[in-house]
Amino acid sequence: MDSFKMELSRSVRRYDFHPIQRMLYSQDFIEISPFLKRFIKYPVCIVQPENDEEVLAVLEVSRRFKIPVVPRGAATSAYGGATTLKKCIVIDFSRMNSFEIKNGCVVAESGVVWLDLEKELKKAGYALRVYPTSAPASTVGGWIAQGGYGVGSLKYGDIGKNVEWIEVADFDGVKRVKGDELKYYVGLFGTTGLILRVCLRVREGGEPSNYGVKCSFKDSLDLIEGAYHASYVNRNLGKMLGCGDSDSLLLSFEDQKSELDFDVELGNILWSRRFYLLKAAKDTNIVFTEAVLPYETAPEFYQKVDKLAVEAIFAQDCVVMLGILPERGYYSTALKAVKFIKMAEKYGGRTYATGMLFPHKKILDKDAADYKKAVDPENLLNPGKAIQGNAISKLVRLAEMVP
Ligand SMILES: Cc1cc2nc3c(=O)[nH]c(=O)nc-3n(C[C@H](O)[C@H](O)[C@H](O)COP(=O)(O)OP(=O)(O)OC[C@H]3O[C@@H](n4cnc5c(N)ncnc54)[C@H](O)[C@@H]3O)c2cc1C
């Protein structure tokens, strides 16, 4: 065994150098064509730390041997953030998965799965304020590292707004980050530090009361005020998810709204289908594309994309539009996905996240690059993502030029 392998195997109890594991851990949810696979490098090893000491020991090996690390949750992000672009060590956080509920908050380790957390909180009379619709699989650390909106974002905003503090590991050790500094970690795809645990604000109460309304997208904007969560599923997506063939709005409230004359049965069906896209993504050949729109222009944009299967998630200050494309040829589908975002930009919208695909969109805080240089001078934390370009993002830029 060479010295790198020897050091790594001393630093952490669970490690794997097997070629099949290295291949499996080289990609996340994003589909990569055989041509683009040439830009992906298999990791040299996968580690599954069980505590902070092991994470720090792996970082020390990374620093000594100048081999980057790529953190990984459940790999459900479609932005390629956990894809390995360099010879690296993949740090799979799935074994750091304990949590504790205290003082109206929950402190959860990075590898906790969102839905597991929600179930345990419910037993204690609490609930998550926000969670992604990939909650049955995705992890606390993975979603915070990607950033974004989900169930509950109408009332509580994006995930970053619901974080009290996070503890991160970098080459200087472990630090607790809160307040304004969270912007250097939420949405940075693990390029500035490894999230170990997080303190989340939770809400009191259980299942929301749900109502369905068959209405146009434009009309739905007049109905969502006061809801905890609202999402719009158009007829094409409704058929796919088995919730009817009408354009429908789901309105969820934290308390009963007996005065509302809306369809409770439809509401409960729509609520119960909120995780179905995860299953559909596994079972059918579909590709997601998404963009964030201001409320003012969302109806006009929606008109342009209504022929697709579309879901809109309403957040405090924006609408997240998700287009679901049937996969008909890798490159033509990828071009359609890019066109969806370009169209959104025409209406004052933006790409949802950066990851491996869109670092050039510059949606992150301007001084994030300086912060990265300060905490990771040797560029070993998930290089080529979020704020740094890579070969694949250069091709995405070319695709954006196609009229
Ligand atoms: C069907 C479906 C529905 C989805 N719904 C939503 C939604 O409602 N809202 C939304 O925003 N997204 C959604 N997503 C995208 C994705 O599921 C979320 O971003 C998700 O929470 C990512 O979690 P993960 O554990 O899979 O992270 P991964 O995909 O494993 O990682 C995401 C990024 O975080 C980094 N990372 C992982 N763990 C750590 C850590 N401990 N420290 C630092 N960096 C880390 C990775 O390197 C990568 O860059 C959806 C995806 C699918 C397939």
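With a threshold of 29 Å on the Cα-Cα distance, the over-threshold entries among 304/385; 279/366; 239/282; 178/373; 161/307 are 304/385; 279/366; 161/307. Extent along the principal axes, Cα only, for the range 248-327: 43, 34, 20 Å, with the longest axis given first.
A simple count of charges around residue 274, restricted to other residues whose Cβ falls under 13 Å of its Cβ and scoring Lys, Arg +1 and Asp, Glu -1, yields -1. Averaging 1/r over every pair of different alpha carbons in the range 3-94 and inverting the result gives a Kirkwood radius of 13.3 Å. Placing pseudo-labels 7 Å out from each Cα toward the beta carbon at residue 363 and residue 64 gives an inter-label distance of 4.0 nm. Across the range 313-324, rounded Karplus estimates of 3J(HN,Hα) from the backbone phi angles (6.51 cos²θ - 1.76 cosθ + 1.60, θ = phi - 60°) give 9, 8, 10, 4, 10, 6, 10, 9, 9, 10, x, 10 Hz, Gly and Pro being marked x. Ordered by the count of other Cβ atoms within 10 Å of each Cβ, fewest first, 50, 290, 225 give 225, 50, 290.
The ellipsoid equivalent to the alpha-carbon distribution of the range 234-289 has semi-axes of 25, 12, 9 angstrom, derived from the gyration tensor eigenvalues as √(5λ) and listed largest first.
Here the dipole of the range 209-351 is about 920 debye; that uses its Cα centre as origin and unit charges on the Cβ of Lys and Arg (positive) and Asp and Glu (negative). Put simply, the amide H of residue 263, placed in the peptide plane, has neighbours under 5 Å in 212, leaving out anything fewer than 5 places away on its chain. What would the Debye formula give as log10 I(q)/I(0) at q = 0.27, 0.31 Å⁻¹ for the alpha-carbon point model of the range 69-111, no solvent? With one equal scatterer per Cα and no solvent, log10 I(q)/I(0) is -0.93, -1.05. Taking every C-alpha pair closer than 8 Å and separated by at least 6 residues, the mean separation divided by the residue count of the range 209-351 gives a relative contact order of 26 percent. Across all directions, the average projected area of the convex hull around the alpha carbons of the range 265-403 is 10.7 nm². The distance separating the Cα centre of the range 34-54 from that of the range 169-232 comes to 27 Å. This ranking places 218, 155 by how few other beta-carbon atoms lie within 10 Å of each, fewest first, which gives 218, 155.
Spin-label pair residue 100-residue 10: with each label point 7 Å from Cα along the Cα-Cβ axis, the two points sit 3.2 nm from one another. Each Cα pair under 8 Å and six or more residues apart adds its sequence gap; the mean of these over the residue count of the chain is a relative contact order of 15 percent. Subtracting the Cα-Cα distance of residue 282 and residue 246 from their residue separation scaled by 0.36 nm leaves 10.5 nm. Taking a Cβ cut-off of under 14 Å around residue 380, the surrounding Lys, Arg, Asp and Glu residues balance to a net charge of +3, with basic ones at +1 and acidic ones at -1. Taking every DSSP beta bridge that has both ends in the chain, the antiparallel portion is near 90%.
Cβ crowding within 10 Å, taken as a proxy for footprinting-reagent exposure, orders 176, 72 from fewest neighbours to most as 176, 72. Summarising the label geometry, the points placed 7 Å from Cα in the beta-carbon direction at residue 178 and residue 256 lie 3.8 nm from one another.
Other residues lying with their Cβ under 14 Å from the Cβ of residue 120 contribute a combined charge of 0, Lys and Arg counting +1, Asp and Glu -1. The Cα atoms of the range 64-144 define a convex hull whose projected area, averaged across directions, is 6.4 nm².
To the nearest 0.05, how large is the calculated FRET efficiency for residue 219 and residue 335 if R₀ is 41 Å and r is the Cβ-Cβ distance? About 0.80, to the nearest 0.05. Out of the DSSP beta bridges found with both residues in the range 3-94, what percent are antiparallel (nearest 5)? Here the share of antiparallel DSSP bridges comes out near 20 percent. Per-residue 3J(HN,Hα) values for the range 361-368, derived from phi via the Karplus relation 6.51 cos²θ - 1.76 cosθ + 1.60 with θ = phi - 60°, read 6, 6, 8, 8, 3, 4, 8, 4 Hz in sequence order (x marks Gly and Pro). Given a cut-off of 29 Å, what percent of all Cα-Cα pairs of the chain lie beyond it? So the pairs more than 29 Å apart make up 43 percent of the total in the chain.
Since every read-out is calculated from the coordinates, none of them should be taken as a lab result. In this text, all values refer to a predicted model and were calculated from it rather than measured experimentally. Methodologically, a virtual Cβ is constructed for each residue, glycine included, from the backbone with ideal geometry; neighbour enumeration extends over all protein chains shown.
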